[in-house]
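The values are calculated or read from the model by the stated rules, or taken from the named source; none is laboratory data. For clarity, every value in this text was computed on a predicted model and none was experimentally measured. With ideal geometry, Cβ positions are generated from the backbone for all residues, glycine too; neighbour counts draw on all protein chains shown. We work out accessible area using only protein heavy atoms, side chains counted, and drop any ligands, DNA or RNA first. Shrake-Rupley method; radii C 1.70, N 1.55, O 1.52, S 1.80 Å.
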Amino acid sequence: MKSLQIDCQDEQGLLDFELTRLVDLEKLILNSFPEKFSNPDNFQVVLSIVSDQEIQKLNRDYRGKDQVTDVLSFAYDESEIDFPAGQVAKPLGDIIISIDQVKRQALDFKQSPEKEFYLLLIHGILHLLGYDHLTSAEASEMESLEDQLLRELFKN
């Protein structure tokens, strides 16, 4: 049975809530986008929790934007990577989230840091799946998917 595994790295211990919905999100993404996961591979996303300072450095170094952002996504291009035979999961990419930004945005939008965190994680995953928001039509589609997935994830 194919799977999506999100491996969270919080080396500085910045996250101050449990990621209790992570397994549910993995299943939700697999079930919501069957066309993106049509082959029998298992998939992996590496999620890193960082500070504003770290995400600003990454944003500057990789995107040429010397400013803090909330989430960065870096998809792997299969044509450029030779995945080892027998690898347990095929990497989709990396997602980096600023926990400082999560907390500020949660206050601004009057929602829990957990919910804001998962919204940003969903946003990052959608980027890894090929979605973008360069045009208003793309942005509208992406926001609609984010809202739908977040509602489903927090329905209980």
Original post:
Going by the conditions given, is Gln67 open to solvent by 30 Å² or more (accessible area, probe 1.4 Å), closer than 23 Å to Leu14 by Cβ and in a helix (DSSP H, G or I)?
Top reply: no
**OP:** Kindly indicate whether any position in region 3-10 is more than 16 Å from Asp94 (Cβ to Cβ), touching a residue at least 24 places away in the same chain (Cβ under 8 Å) and among the small types (Gly, Ala, Ser).
**Re:** yes
Original post:
So Leu15 fits all but one of (1) buried (at least 16 other Cβ atoms within 10 Å of the Cβ); (2) free of Cβ contacts under 8 Å to residues at least 60 places away in the same chain; (3) out of contact with any Leu (no Cβ under 8 Å at 6 or more places or on another chain); what number is the exception?
Top reply: (2)
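Suppose the filter is open to solvent by 40 Å² or more (accessible area, probe 1.4 Å), over 20 Å from Gln44 (Cα atoms) and out of contact with any helix residue (DSSP H, G or I) (no Cβ under 7 Å at 6 or more places or on another chain); does Ser112 pass it? Outline the logic, then answer.
Values: open to solvent by 40 Å² or more (accessible area, probe 1.4 Å): yes; over 20 Å from Gln44 (Cα atoms): yes; out of contact with any helix residue (DSSP H, G or I) (no Cβ under 7 Å at 6 or more places or on another chain): no.
For Ser112, the condition - open to solvent by 40 Å² or more (accessible area, probe 1.4 Å), over 20 Å from Gln44 (Cα atoms) and out of contact with any helix residue (DSSP H, G or I) (no Cβ under 7 Å at 6 or more places or on another chain) - is not met.
Looking only at helices (runs of 4 or more DSSP H) that fall completely inside region 76-156, which ones have 3 or more residues that are modelled with pLDDT of 95 or more and over 15 Å from the mean Cα position of the chain (by Cα)? Walk me through how you get there before you give the answer.
Numbers: elements: 99-108, 113-128, 136-153.
Filter on region 76-156 gives 99-108, 136-153.
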